[in-house]
Amino acid sequence: PPDMQFHPWLMGMRAAMEAMLTGDAISGIEAARTGFANRAFPPGELENCVLEIAERVAKIPTDLQQINKRSVHRAMEVMGIRAAIRAGTELQALGAATQSSRAYMKEFSHGVTHALSVRDKAFGDYREAEKKK
């Protein structure tokens, strides 16, 4: 899948592997637990909590924030994230050339909703779960 190469850095190898191999959706709580998200908030509290965090970030001088951000990015680069993203691009190209991917892309000629329903039917989740209700 596109843009999935960074998951091992965020979630760790095991959680990333499960996410990649199952394609399962995860809750905000699970995303925070695995490191994919920083925090999870109840829907009614989300906006206020995000604003509180944004206000704290805004109190730090911009020039220092730039250096802090660059420091984290450099650490990720030292750990190999840039090479992984490049390798992921190659793997994505290989994946797009598979028989399975070509068959899936043909389903889009019938519309996005149709293609996603075909994809989800075997698992009985996402839009297919709604049909069962």
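The residue that is modelled with the lowest pLDDT, counting only those in segment 15-32 that are more than 22 Å from Glu90 (Cα to Cα) and touching a Ser or Thr at 6+ places or on another chain (Cβ under 9 Å), is Ile26. Among the residues here, Ala75 does not qualify as at pLDDT below 90 and either part of a helix (DSSP H, G or I) or touching an Asp or Glu at 6+ places or on another chain (Cβ under 6 Å) (or both). Any chance segment 25-36 includes a residue that's within 24 Å of Ser101 (Cβ to Cβ) and surrounded by 10 or more Cβ atoms within 10 Å (Cβ to Cβ)? Yes, segment 25-36 contains at least one residue that is within 24 Å of Ser101 (Cβ to Cβ) and surrounded by 10 or more Cβ atoms within 10 Å (Cβ to Cβ). Here Val78 passes the criteria (1) within 20 Å of the chain's Cα centre (by Cα); (2) among the aliphatic types (A, V, I, L, M); (3) closer than 17 Å to Gln5 by Cα except the one numbered (1). Scanning segment 4-41 for residues that are in contact with a Gly (Cβ under 9 Å, 6 or more places away or on another chain), free of Cβ contacts under 8 Å to residues at least 60 places away in the same chain and either not in a helix (DSSP H, G or I) or not assigned by TED's automatic domain parsing to the domain that holds Arg86 (or both) gives Gly12, Gly35, Ala37, Arg39, Ala40, Phe41.
The values are calculated or read from the model by the stated rules, or taken from the named source; none is laboratory data. Small disclaimer: the values here were computed from a predicted structure and weren't measured. Quick reminder, even Gly has a Cβ in these numbers, built from the backbone with ideal geometry, and neighbours come from all protein chains shown.
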